[in-house]
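Nothing in this text is a laboratory measurement; each read-out follows from the coordinates by a stated rule. As the structure is a prediction and not an experimental result, all values here were calculated from the model. Cβ atoms come from the backbone with ideal geometry, glycine included; neighbour counts cover every protein chain shown.
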Amino acid sequence: MDHFVEVKNLKKYYPAKKKLFKERQFVKAVDDVSFFIDKGETFGVVGESGCGKSTLCKTMIRLIEPSDGKVFFDGKEIAFCSKEEMRLMRQKMQIVFQDPYASLNPRMTVRELIKAPLDVFSDESEEQKMEKVYEIMSLVGLNKEFINKYPHEFSGGQRQRIMIARALILKPEFVCCDEPVSALDVSVRAQVLNLMKELQQTLGLTYLFISHDLSVVRYLCDRIAVMYLGRIVEIADKDELYDNTLHPYTQCLISSIPIPDPDVKRDRIILEGDVPSPYNPPAGCHFHTRCRFATEKCSKSYPHLREIAPRHFVACHLYDEKEE
Ligand code: ADP
Ligand code: MG
C-alpha cells in the first residue's frame, strides 16, 4: 500500500568541525530513519533535545540536503529530485518553526509576512492575493485590523498564528510542525494546539508534529515515533505506545511525565548518565549506556526496528526471541 509520506533509510551526517581525530568524524544527526505517514494523520516525533528531530524534518522537506536515503511524497521521490520539481513540491509542504519571533522578519508587516509565499509562487492579482490573506487570517483567529502591524507588536501566541497563516496560505497538504508551542507561555499553548487541530480538520492537513514533550504529542498525535541520538527506537499508535510501552527509553520518557492526580502514583524511572555525544555515539544500541536492561549484545550489535505487534515497531534486543 502506498503511504502519503514515506521516509526510507534517511540519513543526515554533519562533518565534525574539529580536526581532533585522524579519521573524519560525523555527527550522525539522522541515522537510517524510516517511517511512513498516512493522509490526514498526525505523526508525532518525540525525543530529548539534540536527538535530531529538527534535522529530520528539515531534511524530509529538503530545507537541508539529505546525506542518503529516500523520501516519497504522494508517490514521488523528493530527497534527490531536481530543483524545478522541488519548487513545485515545495508548495505542498510547509513548516512551522518553534520560535515565531526568530523566524519572522521584524521589518515586515503582517500583510507582507503572510502574503510572501503567494508573491513567490502565485501569479494572481494583488486583489486576489489580499483576499486570500484576509481569509487565512480569519481562519487562524487574527483580527483584520492587525494587517499593518509588525511582529514585535504581538504576543507569542499571536506571532505563532502569523507563522501558521503564512505556512497555510499556499494550501499545503503536508505541514511539519517543529515544536510549534515550546517557546510559548503555558497559558497559550493549549489555544494554539487546539487551533492546529481545528485547522487540520478544516483543511484536511497531514502533520508531522515534533516535540520534546510527550504530553503535547499525546494530546495531538495519532501515531508516535520515539527518537534517540539520531535513530527511531519505537513507533506505535498513540494508545498502544502508552499502554504497551516496549522500549526501555520510551518507558523512561513516559514515567517522567508528571501525573496531575496526586492519588495516582507511578514509579519514576530515572535516566542515568548523560546523553552520549552525537560525535561518537556508542556502538550497538545507542541507548545501551543508559539502559537498565542492557546486555553485552546491546553494546555490540545495533537492533533494527522491527514490527513486534501489529503497527508497533521497536528497535531493542529485549524482543529478539519474539522474532522466530
Ligand atoms: P533536536 O531538534 O532534536 O534538538 P537537532 O536536529 O537540532 O536536534 O540536532 C541534532 C544534532 O545535530 C545535534 O547534535 C546538533 O548539534 C547537530 N547539528 C544540527 N545542525 C547542525 C549543523 N548545521 N552542523 C553541525 N551539526 C549540527
Ligand atoms: Mg529542534
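For the reader, a short list of remarks on this structure follows.
- About the centre of its Cα atoms, the chain shows a dipole size close to 1120 debye [charges on the beta carbon of Lys, Arg (+1) and Asp, Glu (-1) only; nearest 20 debye].
- Bridge type composition, the stretch 98-250 - antiparallel percent by DSSP, nearest 5: 55
- Global geometry of the chain, whether rounded, prolate or oblate, following the gyration tensor of its Cα atoms and the 1.5 cut on a/c: prolate
- Taking other residues whose beta carbon is less than 12 angstrom from the beta carbon of V71, and scoring Lys, Arg as +1 and Asp, Glu as -1, yields +2.
- In order along the stretch 241-249, the Karplus-derived 3J(HN,Hα) couplings, from 6.51 cos²θ - 1.76 cosθ + 1.60 at θ = phi - 60°, round to 4, 7, 7, 9, 5, 9, 7, x, 5 Hz, and Gly and Pro are given as x.
- Rounded to the nearest Hz, the phi-derived 3J(HN,Hα) couplings of the stretch 190-201 under the Karplus curve 6.51 cos²θ - 1.76 cosθ + 1.60 (θ = phi - 60°) are 4, 4, 5, 4, 5, 4, 5, 5, 4, 4, 4, 5, where x marks glycine and proline.
- Distance from the alpha carbon centroid of the stretch 58-134 to that of the stretch 282-324 works out to 38 angstrom.
- Once the Cα atoms are used to define both axes, helix 110-121 deviates from the longest principal axis of the chain by about 80 degrees.
- In the chain, the DSSP-assigned H stretches of four residues or longer account for a calculated mean residue ellipticity at 222 nm of -9000 deg cm²/dmol, using -39500 (n - 2.57) per stretch and the full residue count as denominator.
- Mean separation of Cα contacts under 8 Å, 6 or more apart, over the residue count of the stretch 149-284: relative contact order %: 15
- Eligible aspartates and glutamates near K238 by straight Cα distance, threshold 15 Å, same-chain separation 8 or greater: D38, E41, D213, D222
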